[in-house]
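Colleague: What follows is a structure written as structure tokens; I'll ask about it next.
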Amino acid sequence: MTSSPPLIGTSFVANDRMDVQQQSVTSWLDQGFDVVSFNSPEEIENLKFNFPGVTFAPQMRTAMNIIGKPMIFINDMLHYFSKHGPEICGIVNSDIYFRPEHDIIGFIYQISKDAFLYGPRLEVENFNSIDGTLDPFGFDYFFFDKSIKGTWLETKFCLGMPFWDHWFPLMPILAGKNVFKLMTPVANHIPHPTSRDDSFFMFNDEFAQIVLASIPKNSFPDDLKPEDYFVYKKNAIELESRAANEKERLATFETLALFLDALTKFVILYLDNNSDKIHLQD
């Protein structure tokens, strides 16, 4: 490895999982990563003393105006990496713990050169556990060579909000980059309650439009026609505008929701089929 270790970007949150985040970042620092947390200036004042060894990058622009939370845009993290990052950069959710028995940093530096690496988390009861279940639906850590930074166009996707973790590895695949999916369980996560708000559909819609415009049409199964989404969406918007009866409204939105659910499952399978699966010992 060179003198510049990979840089992990994240966004810490001042919530009741502070101890989990502190354990997580310690596991990164112990491996030798540099770490930068992207937060609003107000958040940084409440966080900086809890995370020694971490650089904080104040963000004047957040998603507060569109979702009511100071979430950080993925593209703004990428812009920072372009100016300040070393050769290999990464994005990791703030509650992901890298298991100490694995030499992750050297592996990441080697595999991520001119490439993209991502992987799922292992759901565990506590960070000392070696037993758990790999999450089959989402991804929580990503490392990549800065040379592929132009792979991602501007979007509204934010760290900590849905669908960005599927969009992020999809774009390098579609751009013909070398994409690796790490199957070795190196990243532990302690489950916690999650909730959806009104922004869920906004991110889902953004994701759907990107996917349907980017993946070749002949890749979709017969029961998942891209043109159907825009019909279902138009019908749902029209029903809302004319205050349709509840039964008709629910049926229309259920059709739209079923399509979006099927699309997400298709993308997860597409990612799996188009990524080179690797293990630490490879």
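The numbers here are math on the coordinates, done by the rules we state, and not lab data. All values derive from a computational prediction rather than experimental measurement. Reconstructed Cβ throughout: ideal geometry from the backbone, glycine too, with neighbour counts over all protein chains shown.
Colleague: Hey, can you rank 229-235, 71-77 by average C-beta count inside 10 Å, highest first? Numbers along the way, then the final one.
Modeller: Working: 229-235: 15.6, 71-77: 21.9.
Peptide ranking by packing, descending: 71-77, 229-235.
Colleague: Still on this structure, please answer the following. If you stretched the chain out fully between residue 218 and residue 18, how much longer would it get, using 0.36 nm times the residue separation minus the C-alpha to C-alpha distance? It would help to have the intermediate numbers written out before the result.
Modeller: Working: separation 200, 0.36 × 200 = 72.00 nm, distance 4.59 nm.
Answer, rounded to one decimal: 67.4 nm.
Colleague: Across bins of 5 angstrom width beginning at 0, how are the C-alpha pair distances of the chain distributed, in whole percent?
Modeller: Percent of Cα pairs in each bin: 1, 5, 12, 15, 18, 17, 13, 9, 5, 3, 1, 0, 0.
Colleague: Once the Cα gyration tensor of the range 182-222 is found, what semi-axes does its equivalent ellipsoid get, as square roots of 5 times the eigenvalues, in whole Å, sorted largest first? Numbers along the way, then the final one.
Modeller: Numbers: eigenvalues 155, 86, 14 Å².
Equivalent ellipsoid of the range 182-222: 28, 21, 8 Å, largest first.
Colleague: While we're here: Going by average Cβ neighbours within 10 Å, how do the peptides 93-103, 216-226 rank, with the highest at the top? Please report the intermediate quantities before stating the final value.
Modeller: Working: 93-103: 18.6, 216-226: 10.5.
Most protected by this proxy first, the peptides run 93-103, 216-226.
Colleague: So which lysines can residue 247 reach, going by Cα to Cα under 21 Å and dropping same-chain residues fewer than 8 places off?
Modeller: Cα-Cα hits under 21 Å: 233, 234.
Colleague: So what is the calculated 222 nm ellipticity per residue for the chain, using -39500 (n - 2.57) for each DSSP H run with n of 4 or more, over all residues, to the nearest 500 deg cm²/dmol? Don't skip to the end; give the middle numbers.
Modeller: Working: 9 runs with 115 residues, N = 282.
The per-residue figure over the chain is -13000 deg cm²/dmol.
Colleague: Among the lysines, which have Cα under 18 Å from the Cα of residue 277 when same-chain residues fewer than 8 positions away are ignored?
Modeller: Hits, sequence-local ones excluded: 113, 177, 181.
Colleague: Counting only residues 5 or more places away or on other chains, whose amide H sits under 5 Å from the amide H of residue 115 once H atoms are built in the peptide plane?
Modeller: Distant-sequence amide H within range of residue 115: 145.
Colleague: Where Rh is the Kirkwood radius over the Cα pairs of the range 86-128, the temperature 37 °C and the viscosity 0.692 mPa s, what D in µm²/s does Stokes-Einstein return? Intermediate values should be presented prior to the final figure.
Modeller: On the way: Rh = 12.1 Å.
Translational diffusion coefficient: 271 µm²/s.
Colleague: Another question, then. Once each part is reduced to its C-alpha centroid, what is the distance from the range 92-120 to the range 263-282 in angstrom?
Modeller: 16
Colleague: How much space per residue, in cubic angstrom, does the convex hull of the C-alpha atoms of the range 25-112 take up?
Modeller: Working: hull volume 9.5 nm³, N = 88.
Value for the range 25-112: 108 Å³ per residue.
Colleague: Below 29 Å, Cα to Cα, which lysines can residue 48 reach? Residues fewer than 8 away in the same chain don't count.
Modeller: In chain and number order, the partners are 69, 83, 146, 149, 156.
Colleague: Could you tell me what % of all Cα pairs in the range 158-282 have separations over 26 Å? The partial results should precede the final answer.
Modeller: Numbers: 2582 of 7750 pairs.
Result for the distance tail: 33 percent.
Colleague: Only four residue types carry charge here, +1 at the Cβ of Lys and Arg and -1 at the Cβ of Asp and Glu. Report the dipole size of the range 89-228 about the Cα centre in Debye, rounded to the nearest 20. Before the final figure, lay out each step's value.
Modeller: On the way: 11 positive and 20 negative charges, 118 e Å.
That gives a dipole near 560 debye.
Colleague: Along the charge dipole of the range 1-61, Cβ charges K/R +1 and D/E -1, which of 46, 57, 21 sits furthest on the positive end?
Modeller: Looking along the dipole axis, the top candidate is 57.
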